[in-house]
Amino acid sequence: MRIVFGTSGWRGVIARDFTEERVNRVIDAIAVFLRESGESGIIVGGDTRFLSPELARDAATRLSAAGFEVRLADRPVPTPVLSHAVRRLRLGGVINFTASHNPFMYNGIKFSPGHGGPAPSSVTTRIEELIEAGASPEAGSGSLTVEDFVTPYTGDLELLVKRDVIAGSGLRAVYDAFNGTGSGILDVFLQHSGASVRTIHGRRDPLFDGRHPEPNEKGLAGLSEQVTVSRASVGLATDGDADRFGLVDEEGGYVSPHDYLALLFEYLVRDRGMEGIGVRSTTTGSLMDRVAASLGRDVVETPVGFKHLGAVMLERSVVLAGEESGGLSIGGHVPEKDGILACLLACEMCARRGVGLAVQLRDFWSRYGRLAHRRIDLGLADGIGDTVRKLFIENTPPSLGDLAVERVDSRDGRKLVLAGGASVLVRMSGTEPLARFYLESGTDAGLDVLESSIRAAIGAPQG
């Protein structure tokens, strides 16, 4: 089976696809690519998954024997910490052992060039070619040092998050670390800022306490209960490698990234006075566009994958770049998703305004209107994948429900813009065997109609 890099690295099932032999092939190919690029220094690290620390150390040793200057993380660390480290140390790239939010049976390798953002397609394509060719680096005399990357990262967070605003605010948070790398970083930062924090699922567990380590609405049901019981100001969550965020408001309600990104964009411009544009992926709702228009700012829409959003951050002045899957970064920070920063900014916003996210969003919707969103993930078995491609990718249905298709956008998957402003985007996942449908409508009832129509068209069970 060919090794292919998706939107965020190569991932596979441990011991089936993700094996020692295949890992070494990927490491060797990256080493050759770095040599071709004239680079000799690299960061290596990983998350809390099964074997990630051991694989990181083995890879670091292998690269050192190939003549590289290797800096190895002294503990499992978040993806944004590694991105910060490679930029700070001005090295050639990052090898990160992580499968992010995938189930526990997966692991993976993510490569980031020296700018700290996800590798562009031109880079991953070249690495795939080198893997296929069986390329390996010549032996050399390198070095390997074990370093603390967390302390410099949290030091720079103080430039991005207003700790003085949090101090003395009486903020109380519950943090679900999903047994991942954010534990001991996000919560400690808040505690040192004067907030009261209770951490759940904070210990390392490669099985993620039997849960799917994705901080989405389903995954945050337990956090919602804890926020309600403890009467906390906010509920915070990060996934296994802490690049994705999840939020629960003071009433125990799940805060959609579609809404949070738009709310935060307004806060950063209006309250913090940040200059620049907004950036969102095509799967992310258009509420940010309404905010930007009212503030005289532009929004750039990109294909899915933070490598596209990060590329804009490297070229233009950006206030906020974000995507519906729970990833964001802000101007002056790494061009990579940072779930820790996302949660800290939510805390700052609540502390400064003296009210929780539920109250803030009700005011926000009264001024900008509200859009409803839903993502449907369908497995590709039983002919579902072929049917989706035939009906939605290769062809365009004339309507969904009673709404006519008025326009099609094919920049990433197929986005059907419907009468009345609703839309459906269809994409084949780059990291999992799934067809994903992203729905936007003015009402929840409108989402129900769209979902029912999609399932009926492809012969999938009704949700």
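None of the figures in this text is laboratory data; all of them are computed from the coordinates on show. Because the structure is a prediction, the values reported are computed rather than measured. Here the Cβ positions follow ideal geometry from the backbone for every residue, glycine too, while neighbour counts run over all protein chains shown.
Descriptive notes on the structure:
- Approximate spin-label separation Val188-Arg2, in nm, with each point projected 7 Å along Cα-to-Cβ: 4.4
- Beta bridge orientation in the chain: antiparallel %, DSSP, nearest 5: 55
- Which of Arg25, Arg11, Arg411 has the fewest Cβ neighbours within 10 Å, and the rest in rising order: Arg411, Arg25, Arg11
- Relative to the current alpha-carbon distance between Ala456 and Arg272, full extension at 0.36 nm per residue lengthens the span by 61.5 nm.
- Exposure proxy ranking, count of Cβ atoms within 10 Å, fewest first, for Met428, Met313, Met274: Met428, Met274, Met313
- Pairs beyond 23 Å (Cα-Cα), from Lys218/Lys415; Lys218/Lys307; Lys110/Lys162; Lys307/Lys415; Lys307/Lys390; Lys162/Lys307: Lys218/Lys415; Lys218/Lys307; Lys110/Lys162; Lys307/Lys390; Lys162/Lys307
- The range 403-463-the range 56-81 distance, computed between alpha-carbon centres (Å): 42
- Spatial separation of Cα centroids for the range 193-215 and the range 332-385, in angstrom: 19
- Relative contact order for the chain, counting Cα pairs under 8 Å that sit 6 or more residues apart, in percent: 13
- Alpha-carbon radius of gyration plus Dmax, which is the widest Cα pair, for the range 61-105 in Å: 12.1, 35
- Vicinal HN-Hα couplings computed from phi for the range 261-274 (Karplus, 6.51 cos²θ - 1.76 cosθ + 1.60; Hz; Gly/Pro x): 4, 5, 4, 5, 4, 4, 4, 5, 7, 7, 8, 9, x, 6
- Förster-model FRET efficiency, 22 Å R0, Glu54 and Asp156, C-beta, rounded to 0.05: 0.15
- Across the range 395-401, computed HN-Hα scalar couplings (Karplus, 6.51 cos²θ - 1.76 cosθ + 1.60, θ = phi - 60°) run 9, 10, x, x, 7, 10, x Hz from first to last residue, x flagging Gly and Pro.
- Straight-line cross-link reach from Lys337 at under 13 Å between alpha-carbon atoms covers these aspartates and glutamates, not counting any fewer than eight positions away in the same chain: Asp239, Asp241, Asp243, Glu323, Glu324.
- From least to most packed, judged by other beta carbons within 10 angstrom and beginning with the fewest, Arg204, Arg362 follow the order Arg362, Arg204.
- Loop-located trypsin sites (Lys or Arg not before Pro) in the range 83-122 whose Cβ has at most 12 other Cβ within 10 Å (DSSP): Arg90
- The simple Förster model, with R0 at 22 Å and r as the Cβ-Cβ distance, assigns Lys218 and Asp444 a FRET efficiency of 0.85.
- Phi angles of the range 92-108 translate, via the Karplus equation with coefficients 6.51, -1.76, 1.60 and θ = phi - 60°, into HN-Hα couplings of x, x, 10, 10, 10, 7, 7, 10, 6, 9, 5, x, 4, 6, 9, 9, x Hz per residue; Gly and Pro are given as x.
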